[in-house]
Each structure stands twice: as structure tokens, then as C-alpha cells.
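Bear in mind these aren't lab numbers, they're just calculated from the coordinates by the rules spelled out. Not measured: the values here are computed from a predicted model. Methodologically, a virtual Cβ is constructed for each residue, glycine included, from the backbone with ideal geometry; neighbour enumeration extends over all protein chains shown.
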Amino acid sequence: MRAGFPDFRLGNVLATSFTGTLTERRGNAVERIPTPQRLVDWLVVNGLAVDSCTTAQLELARELRESIHAAATAAAIQDALPASAVQIINDCSIQGRAAAILTPEGNRRWRLSSASGVEDALGVIAADAISIIAGERDGKLALCASPTCQAAFFDTSQSRTRRWCEMNTCGNRQKKARFNANQSKNPNSAK
């Protein structure tokens, strides 16, 4: 990753990984795509390579990110989807002209047009969001149990009882806080 920027939080689900480019939403928020080049970097890491990005495209990407977060959060708590979020997701999905292609190795890749690469990439992300919010994929939307995070994530665990968006960050932080609180209550228990 580029020096001076926080690492990306990468997951297995494109849409919720994209919402993870803004973390600690209920605490000290961490923006992981603060510049157009950083969005380009994130897209490359996620198989949606584009040559460049404008400030306007970055703003569109952030608008899509927040719309996916709002809709996924509503779906996770079984609330009505916000109409404005649905509209933005649909608009981005419609505007994208990416094509799924099969590689000789048998993998799916995305071919983006050179004229509107960022919009094509956002269309792929929007389509992924639609598939998980609509319940078309095996798993369920949930919210991170961390009080400072509360990110929407797609739980594909067998029991569908995952509590944190990422065990390495939010989960470990919560377990460490619980351990420290127990140590403070019982200072002799560690001996």
C-alpha cells in the first residue's frame, strides 16, 4: 500500500469490502480512499483496474459506498431500504458497462471500458451490492458488534453467527478490551 495511507481492509465480498473503505464510522472515522489515486489503488487490488480517477468520480464512489452501507445496514436489521440509497445503487449499476470474461485459467475477470472505467467498476460494485441485499447469495447481512465500527458485513459462516466485520481488527480489539476489563476487576487472576 502507498505510504501515508491506512491499509485497505479486504474481504471476500466486493460490496461490503467497498463499504470498508470508511471504517470506525461511530468512532474516529478512518477514510481509506481520501484521494482519487487511492480509489484507483483499491479498485486495482479488487480486480477492477482503471487507469485514472477524477475528483468527481471519487465523490460518486463515496456516494455509492454510503448508499450501499445504508441499504446493507437496513437489510441487516430488517428495516425498509432507504429509497435514496436504492436509487443511487441502481443508477450506478445501470451506468456501468463492464463485461464478465472467462480467463484461460477458468476464472471470471471484469473487462472495463477505457472511456468510463471508474463508472464501470462502480457498476460492478453496485451489482454485487444488489445481489447480497436482495438475498441472492448464500449468507446474511449483519452489523459489526464493535460499538465504534458497526460496519455492515456479509456473514457466510456456517452458523451465520459472526459478530465482527473482521476478527483481526474489531474482534481482537473487543476481546482485548474485555480481557483488560476483567483484569482490572480481578488483578490477582493473572498470577
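Considering the chain as a Gaussian network with a 10 Å cut-off on Cα pairs, which listed residue, TRP42, TRP164, TRP110, attains the greatest mean-square fluctuation?
Of TRP42, TRP164, TRP110, the Gaussian network model singles out TRP110 as fluctuating most.
Please compute the Cα-Cα pair-distance distribution of the chain with 5 Å bins starting at 0, giving whole percents from short to long.
All Cα pairs considered, the percentages come to 1, 8, 15, 19, 18, 15, 10, 6, 3, 2, 2, 1, 0, 0.
Work out the P(r) tail for the range 1-60: percent of alpha carbon pairs separated by more than 15 Å, whole number.
More than 15 Å apart: 49 percent of the Cα pairs in the range 1-60.
With springs only between Cα atoms under 10 Å, which of LEU143, LEU64, LEU102 fluctuates most in a Gaussian network model of the chain?
Highest fluctuation among the options: LEU102.
Counting only complete DSSP H runs, which helices of the chain cover 27 Å or more along their long axis at the Cα atoms and score a mean Kyte-Doolittle of -0.5 or above? The partial results should precede the final answer.
Working: long enough: 55-76 (31 Å, 0.09).
Helices meeting the criterion: 55-76.
Would you mind putting 15-27, 87-99, 49-61 in packing order, based on average other-beta-carbon counts within 10 Å, highest first?
Numbers: 15-27: 21.1, 87-99: 17.3, 49-61: 15.4.
By packing density, highest mean first, the sequence is 15-27, 87-99, 49-61.
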